[in-house]
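A.B. asks: Please see the structure below; I have some questions.
The values are calculated or read from the model by the stated rules, or taken from the named source; none is laboratory data. What you see is a predicted model, and the numbers here were worked out from it, not measured in a lab. Every residue, glycine among them, receives a Cβ derived from its backbone with ideal geometry; neighbour counts consider all protein chains shown. Please note that ligands, DNA and RNA were not included when accessible areas were found on the heavy atoms of the full protein model with its side chains. Shrake-Rupley method; radii C 1.70, N 1.55, O 1.52, S 1.80 Å.
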Amino acid sequence: MKKLSTLLIFILAIITINSKAQESAFTVDAFSDFSTIDLSNASQTVVGTITPVFGGMDFGPDNVLYGLDYNTNQLYEVDTSDATTTLIGSSVPPSTHIWTGMAYDPATGIMYANAAYGTATGSSNLYTIDLTDGSITLIGSQSTATAIGCIAIDDNGQMYGLQLSAAAKIYLIDKTDNTLTLLGDVLAF
């Protein structure tokens, strides 16, 4: 689990793009700095310090940014103007899992969250999450790729997942049952 936490800190330049505005993205770094990135020139501006340790973030309905703290299993709303957070509620995965991703599907209005066992053998679970109280509903569990660390949904409603391991891979994820189809390997640079 420590190995996954260390890897998440490196990846935790979580970049979340505001789909309605497209001119900026937001990131949280390993030092808890919440920043905006101007997508026209890649300049970064620190907005403030954020206390939760987010394992997943995404914009939901009405352009609101949400994040799941993987240490406390709490769902927060994040104010992008000053980095303040508002607790919504508890979102507790199995005790052996941590939150590793969030993705909103604007076509259906559903927010999804992924919780993974880590880089060891286990499972990765996909959930829907209620943005009013943090409650979660299990969609499915899979052990094909146990370290899904990031999820995203494209404009056509297709969900993707990145397996965090020495040989990183990208999978297509079926949102109805969490089955995976390998899309391809991620090449190291």
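A.B. asks: For segment 49-87, give me each residue that is farther than 14 Å from Phe26 by Cα and in contact with a Lys or Arg (Cβ under 9 Å, 6 or more places away or on another chain).
C.D. replies: None; the set is empty.
A.B. asks: For Thr181, indicate whether it is of a type in the set (Val, Ile, Thr), in a loop (DSSP other than H, G, I, E, B) and open to solvent by 70 Å² or more (accessible area, probe 1.4 Å).
C.D. replies: Values: of a type in the set (Val, Ile, Thr): yes; in a loop (DSSP other than H, G, I, E, B): no; open to solvent by 70 Å² or more (accessible area, probe 1.4 Å): yes.
Spelling it out, it is not the case that Thr181 is of a type in the set (Val, Ile, Thr), in a loop (DSSP other than H, G, I, E, B) and open to solvent by 70 Å² or more (accessible area, probe 1.4 Å).
A.B. asks: Turning to a different aspect of this structure: Within segment 54-87, track down each residue that is under 19 Å from Ile151 (Cβ atoms) and charged (D, E, K, R).
C.D. replies: Hits for segment 54-87 are Asp58, Asp69.
A.B. asks: Run Ser32 past the list (1) closer than 22 Å to Leu162 by Cα; (2) open to solvent by less than 50 Å² (accessible area, probe 1.4 Å); (3) of a type in the set (Ser, Thr, Tyr) and report the number of the one that doesn't hold.
C.D. replies: If we test Ser32 against (1) closer than 22 Å to Leu162 by Cα; (2) open to solvent by less than 50 Å² (accessible area, probe 1.4 Å); (3) of a type in the set (Ser, Thr, Tyr), just (1) comes out false.
A.B. asks: If I go through segment 120-145 residue by residue, how many of them are β-branched (Val, Ile, Thr) and under 15 Å from the mean Cα position of the chain (by Cα)?
C.D. replies: At the first step, the residues of segment 120-145 found to be β-branched (Val, Ile, Thr) are 121, 128-129, 132, 136-137, 139, 144.
In the following step, the residues that additionally are under 15 Å from the mean Cα position of the chain (by Cα) were identified as 128-129, 136.
Within segment 120-145, residues that are β-branched (Val, Ile, Thr) and under 15 Å from the mean Cα position of the chain (by Cα) number 3.
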